[in-house]
Amino acid sequence: MSVFTPVSEGQIAGWLKGYSIGTLAALEPIASGIENTNYFVTTSQGRYVLTLFERLSAAELPFYLELMAHLARHGIPCPAPIADLGDRYLSSLNGKPATLVTRLPGDSLSNPGAADCAELGALLARMHLAGRSYGGYAENPRGPKWWRSAAAEVRPFLDSERGARLDAELRFQAQHRFPDLPRGAVHADLFRDNALFEGGRISGVFDFYFAGVDCFAYDLAVCANDWCLVDAERDRRLDEPRTLALLGAYHAIRPLAAAERGAWAVMLRAAALRFWLSRLHDLYLPRPGELVKVHDPEHFGQMLVLRAAPGAPAPWIA
C-alpha cells in the first residue's frame with residue numbers, strides 16, 4: 001500500500017464540508033498504487049475515492065479529470081469526478097492537490113482468461129473511440145522523452161548487463177517511431193488491478209493519471225503485457241489465445257490498420273521498457289512515504305528480453 005500523505009478522519013470530515021455528498025461515515029486507505037495517496041471514503045450519501053496527488057501539479061491535473069468526466073459521460077465505466085460547492089473537480093487537502101471521484105463496483109482479476117481479455121479489448125476500443133471527441137491534450141507522460149531522463153537517473157545503479165540492455169533498447173526505440181499510427185487519448189496503465197469485473201463484465205476502469213495522447217496500439221501493448229501472459233509469475237511470454245481474444249474484440253469495434261500490425265512487436269517492447277524503467281526508478285530513487293509498495297523491476301526487465309529476442313512471436317489477428 002502507498003500512503004505518502006496521511007489523512008485523519010477529522011481532516012477529511014472538515015474537507016467534505018466543501019461538498020454536498022453528506023457526512024463522513026468511514027475512511028480507509030487503499031492497498032494499491034505507487035504514485036498517489038488514495039482512500040476509500042464512505043459518506044451518508046454514497047461511496048467515493050479520495051486521491052491526493054503526489055507527483056502531478058494542480059496545473060497538470062485538469063487534463064486527467066476532464067478526460068475521466070468526458071469518458072463517463074460517454075458511457076465508459078470510469079470514475080466520475082465530483083464537483084465541490086464551487087463547481088471545481090480539484091481542491092487542496094494537507095497541502096496536496098486532491099479530488100473525489102465515484103467508487104466503482106466489482107473486483108480485479110488476478111488470472112484473467114480469454115473471455116476476460118476479450119471484454120477488455122472491447123472496452124478499450126470503445127474508450128479510444130469515445131476519447132476522439134475529447135478536446136484536451138497532453139503528451140504521454142511516460143513516453144520517449146521520459147524514458148531518456150529516467151534512464152540517465154537509474155543507470156548508475158545498474159550492473160553492466162542491465163545497463164547494456166537499457167542502452168540497446170533506447171537505441172532501438174529511437175529508430176522506430178510511428179507518427180502516422182492512429183492516435184488519441186490512451187489510458188497507458190490499464191493493468192489488471194486497474195480494472196474491475198462484476199458478473200463477467202468490466203464494471204470499472206480507473207487510475208487515469210498516466211493517460212496522454214499516444215498510439216492506440218501502444219495502449220493495447222500495455223494491456224497485452226499484463227493481461228495476456230502465459231504465467232504472470234513464471235512465464236512472461238504472450239499467451240496466444242488471450243492475446244488474440246484481446247486484439248480480436250478490439251478490432252471488431254475499432255478496426256486495426258495494417259500499419260498497427262507492422263508496429264505491434266515494437267509496441268510490445270516499448271511497453272515493457274516503460275514499466276521496467278518506472279520500476280527501476282521506484283526501486284532506486286523512492287519517494288518518502290508512510291507505506292510504499294515497490295514492484296520487482298525484473299518482471300519487465302525479463303519481459304523486455306523476451307520481446308526483443310530475434311524471432312520473438314507477437315501474436316496478431318488474421
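The values are calculated or read from the model by the stated rules, or taken from the named source; none is laboratory data. In this text, all values refer to a predicted model and were calculated from it rather than measured experimentally. For neighbour counting, all protein chains shown are included, and Cβ atoms are generated from backbone atoms with ideal geometry for every residue, glycine included. All accessible areas refer to the heavy atoms of the entire protein, side chains included, with ligands and DNA or RNA removed. Shrake-Rupley method; radii C 1.70, N 1.55, O 1.52, S 1.80 Å.
For the chain, the relative contact order works out to 19 percent when only alpha carbon pairs closer than 8 Å and six or more residues apart are counted.
Summarising the amide proton neighbourhood of Arg103: residues at separation of 5 or more, or on other chains, whose placed amide H is nearer than 5 Å comprise Arg47, Tyr48, Val49. Evaluated over the Cα positions of the stretch 167-318, the convex hull gives a direction-averaged projected area, one quarter of its surface, of 10.4 nm². Ligands, DNA and RNA aside, Glu60 has an accessible area near 90 Å² when probed at 1.4 Å.
What Kirkwood hydrodynamic radius, in Å, does the stretch 119-256 give when the mean of 1/r is taken over all pairs of distinct Cα atoms and then inverted?
Value: 16.5 Å, from the Cα pair sum.
What are the chymotrypsin sites (Phe, Trp or Tyr not before Pro) within the stretch 207-304 that DSSP puts in a loop, where the Cβ has at most 13 other Cβ atoms within 10 Å?
Passing sites in the stretch 207-304 do not exist.
For Ser203, the residues 5 or more places off, or on other chains, whose built amide H falls under 5 Å of its own are Leu196, Phe197, Glu198. Based on alpha carbons, the Rg and Dmax found for the chain are 19.6, 59 Å. Working from Cα pairs under 8 Å separated by at least six residues, relative contact order for the stretch 24-129 is 21 percent. For the stretch 144-161, 3J(HN,Hα) computed residue by residue from phi via the Karplus equation (6.51, -1.76, 1.60; θ = phi - 60°) reads x, 4, 5, 3, 5, 5, 5, 4, 4, 6, 8, 3, x, 8, 8, 6, 5, 5 Hz, glycine and proline entered as x. Enumerate the amide H contacts of Asp239 below 5 Å, restricted to partners 5 or more residues apart or on another chain; note that Pro and chain-start residues carry no placed amide H. HN-HN under 5 Å from Asp239: Leu229, Val230. Using just its DSSP H runs of length 4 or more, each adding -39500 (n - 2.57), the chain gives a mean residue ellipticity at 222 nm of -13000 deg cm²/dmol after division by all residues.
With all protein chains present, how much of the accessible area of the chain (probe radius 1.4 Å) comes from carbon and sulfur, to the nearest whole percent?
Numbers: 7240 of 13600 Å².
Using a 1.4 Å probe with all protein chains present, the chain comes out at 53 percent carbon and sulfur.
Phi-derived couplings, Karplus 6.51 cos²θ - 1.76 cosθ + 1.60 at θ = phi - 60°, listed residue by residue for the stretch 78-93: 10, x, 9, x, 9, 7, 7, 5, x, 6, 10, 7, 10, 9, 10, 8 Hz, with x used for Gly and Pro.
Per-residue Karplus couplings for the stretch 166-172, computed as 6.51 cos²θ - 1.76 cosθ + 1.60 with θ equal to phi - 60°, are listed in order as 5, 5, 5, 6, 4, 5, 4 Hz, Gly and Pro entered as x. From largest to smallest, the equivalent ellipsoid semi-axes obtained for the stretch 13-70 from the alpha-carbon gyration tensor read 21, 15, 11 Å.
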